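What follows is a single structure, written as structure tokens, with notes after it.
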Amino acid sequence: MNNTDEKIKRTGKVYLVGAGPGDPGLITLRGKYLLERAEVVVYDYLASKKLLRHVPDTAKLIYAGKKGGGLHAFTQQEINGLLVEHARAGKMVVRLKGGDPFIFGRGAEEIEELVQASIPFEVVPGVTSATAAATYAGIPITHRGYTASVAFVTGHEDPTKKESNIAWDKLATGAGTIVVYMGIKNLPIITAKLIEHGRDPQTPVAVVRWASTPQQHSVEGTLETITEVVRESGIKPPALVIVGEVVKLRNTIDWFEKRPLFGKQVVVTRTREQASELVSLLEENGADCLEYSTIHIEPVEDTGAVDAALGEIDTYDWLLFTSINAVTWFFKRLFELKMDARDLRCRIAVVGRTTADELQRYGIRADLLPEKFTGEGLAEALIQEGVQGARILLPRALKAREVLPQRLTAAGAEVQVAPVYRNVPPQGRKEELREQLQSGMIDLITFTSSSTVRNFLTMVDARDQEELHRLMDGVTIAAIGPITARTVTDAGLKVDIQPERYTISDMVQAIVNHYREGGAG
């Protein structure tokens, strides 16, 4: 190994990664790959915090955000020093920057410091805020019927100062579309300069705040009126200003802010491991999802029942799964005992489509799927199949409803209940949830099982029914099915939304229909 190789091995590397404009889904594949392997992450105010979910738990997270008004966690020089310090310690450092590192992002300044310190680096481009703000506001910044030129300019410097390097006389009429970064503070000066140097005062202007996020807010005006429009609307940074005739197309192309759940804040109470589908579908329809896991899943401490059942698995006629958790933890124990799917020679029934899909991940297709996705529905379907004298294995939660084994036993079956997991209320974030409920920020709460309801109530910790109703005032409640709904009503609350079919996709569609039909919340 030569000296250069030894030096690289001893020194870490810094990756400047563009985080995109705010929507975590706009991170590049390369950016996500690096976050998943980072040892140190230095992230900005405008980089979505949801991107930090990709980072290993062992990584060191450093917030280096800078807001308008001179509020800084670190100065730029201190940020440069952090990058050098951790790289010299042999760490893989990801510098996560909002938008694109090289478009008004000071990425070049940070790289200059790294070069001076002989630190290896790589730059990963990101979706810049200008194109994202325009696209998510329904504005094409170029259009062959309107303009073939666009200019990006910073509004952060004062255009009246002598040393300004912005040629307003050329910019005003030299580009069909002008996108101004960080221009809210100086918006009156910017619009005056453009008009002064020949731009029509009636030129359309749009201002987009928090582009590509559920908090996006867009307003329109003209060069002559936009300052007053922004003031009356309370628009504050971060926001971008888009000047040009292409703004007229917003009425035709606007799509993001017209989604049915746009602006709705929705609490998702599933476990983080299971919330992805629900969150994804809600966000696709415009919701801002707040994930409060009310359930933490753990394996049972005593595996005696399931171990004994697996020891004689070839004597069972049916294996029943009533949740995806049951599938997950049953197979986990199966594999721990050096067994696999080939040992399951009995017929298998599941309670619903989601559970069937989870089962297929293990290469097994369910033999029976009831029309009604409930324990009662599964019992009815099995009884129609004929269970007199049949041996049935039911791996499930430690605490669960007894209706399924009771009905099957009454029909002449021998049912062996084998707990494989247990629901434990998670710790933390209790005060945060209460504060958001008290502030009236929450529009909707989703419940996907009775456990999520009970644990949510524990988490909220209301002193009495009066306080519970006060906290939940104005909050719409969606329950996935009748059993979950009954648990909600037993707690003294009202269910507003319940799908006819008890699946996640049907639940989201029911929520969408509720708001399209003018539902409150």
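Quick notes on this one:
- Basic side chains Lys and Arg get +1 at the Cβ, acidic Asp and Glu get -1 at the Cβ, and with that the dipole of region 393-462 about its Cα centre reaches some 260 debye.
- For the chain, the relative contact order comes to 10 percent (Cα pairs under 8 Å, sequence separation of at least 6).
- With coordinates expressed along the principal axes, the C-alpha atoms belonging to region 409-521 extend over 53, 35, 22 Å, beginning with the largest.
- For region 14-127, share of DSSP beta bridges that run antiparallel, in % to the nearest 5: 15
- Against the chain, whose longest principal axis comes from its Cα atoms, helix 430-439 is set at around 60 degrees.
- Neighbour counting of Cβ atoms within 10 Å sorts the residues Cys289, Cys346, fewest neighbours leading, into Cys346, Cys289.
- Given +1 at the Cβ of Lys and Arg, -1 at the Cβ of Asp and Glu and no other charges, the dipole of the chain around its Cα centre is 780 debye to the nearest 20.
- Region 14-127, relative contact order in percent, only Cα pairs under 8 angstrom and at least six apart counted: 42
- Cα-derived Rg over Rh, computed across region 298-423 with Rh taken as Kirkwood radius: 0.92
- Violating pairs (Cα-Cα greater than 22 angstrom) within the set Lys185/Lys248; Lys50/Lys264; Lys13/Lys60; Lys332/Lys399; Lys49/Lys430; Lys49/Lys258: Lys185/Lys248; Lys49/Lys258
- Rounded D (µm²/s) - region 196-292, Kirkwood Rh over Cα pairs, Stokes-Einstein at 10 °C, 1.306 mPa s: 104
- Rounded if a/c under 1.5, otherwise prolate or oblate - region 14-127, Cα gyration tensor axes: rounded
- Beta bridge orientation in the chain: antiparallel %, DSSP, nearest 5: 30
- Within region 47-191, percent of DSSP bridges classed antiparallel, to nearest 5: 40
- The residues His197, His86, when put in order of fewest to most other Cβ atoms within 10 Å, stand as His197, His86.
- Given charges at Cβ of Lys, Arg, Asp, Glu: the chain dipole, positive-most of Ala479, Val266, Ile111: Ile111
- Centre separation in Å (Cα based) which lies between region 202-276 and region 78-108: 29
- Working note: Cα atoms of region 243-324, range along each principal axis, descending, whole Å: 75, 26, 17.
- Across region 197-250, Cα-Cα pairs farther apart than 18 Å form 29% of the total.
- Over the Cα atoms of region 131-254, the radius of gyration divided by the Kirkwood radius equals 0.93; this is the Rg/Rh ratio.
- Residue-averaged [θ]222 nm for the chain, counting only DSSP H segments that reach four residues, each worth -39500 (n - 2.57): -10000 deg cm²/dmol
- The charge dipole of region 101-244, taken about the Cα centre with unit charges on the Cβ atoms of Lys, Arg (+1) and Asp, Glu (-1), comes to about 300 debye, rounded to the nearest 20.
- For region 478-521, the spread of Cα positions along the three principal axes, ordered from largest to smallest, is 28, 23, 11 Å.
- Sorted fewest first by neighbouring Cβ atoms within 10 angstrom, Trp329, Trp168 come out as Trp168, Trp329.
- Counting every C-alpha pair in the chain, the share spaced more than 46 angstrom apart comes to 29%.
No value in this document is a laboratory result; all are computed from the given coordinates. Every value quoted in this text rests on a predicted model; they were computed, and no experiment measured them. Note: ideal-geometry Cβ built from the backbone for every residue, glycine included; neighbour counts use all protein chains shown.
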